[in-house]
1. Starting from 0.36 nm per residue, how many nanometres of slack lie between residue 91 and residue 105 once their C-alpha separation is accounted for?
2. Over what distance in Å are the Cα centres of the stretch 91-130 and the stretch 1-38 separated?
3. For the chain, what is the relative contact order in percent, using Cα pairs closer than 8 Å and at least 6 residues apart in sequence?
4. Of the peptides 10-16, 68-74, 55-61, how do they stack up when ordered by the mean number of other Cβ atoms within 10 Å, highest first?
5. Can you say what percent of the DSSP beta bridges in the chain, counting only those with both residues inside, are antiparallel? Round to 5.
6. Over the Cα atoms of the stretch 2-125, what Rg and Dmax result, in angstrom?
7. Quickly estimate the mean residue ellipticity at 222 nm for the chain, helices only: each DSSP H run with n ≥ 4 gives -39500 (n - 2.57), and the total goes over all residues, rounded to 500.
8. Calculate the spin-label point distance for residue 3 paired with residue 45, positioning each point 7 Å from the Cα along the beta-carbon direction, and give it in nanometres.
């Protein structure tokens, strides 16, 4: 099972989501940005690295928000979410074809990857204290 991180980044009442590029696994699905934890890397280190690689930004990883295990046809993942703070550099998407800052109420307008949906639901219900 792969360990994958998800950054919940809130700014001015909106949360960052990103759409996977055409040709990617789960193409055109929206997700909370993050990535696969590498060998000998903590989840927090993974999120910092992935945000630099995928968006060119520096972040501070905050509190653990929860996790979800999801079994796709091609892989099983343990998706681990953290409250994450954007602290520097211009946000430029490199691994996604689009990004959006959306309110929790707008989540219903986006087709999220299945592993992200439990986090979408918790954000919409106010279960996450962010």
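Taken together, the values in this text are just the output of simple stated rules run on the coordinates, not laboratory data. Values in this document were obtained by computation on a predicted structure and should not be read as measured data. Cβ coordinates were reconstructed from backbone atoms using ideal geometry, including for glycine residues, and neighbour counts include every protein chain displayed.
1. In short, 2.7 nm is gained.
2. That distance is 8 Å.
3. 32 percent
4. 55-61, 10-16, 68-74
5. So the antiparallel bridges amount to about 75 percent of the total.
6. My reading of the Cα-based Rg and Dmax gives 13.3, 38 Å.
7. -5000 deg cm²/dmol
8. Calculated label separation equals 1.0 nm.
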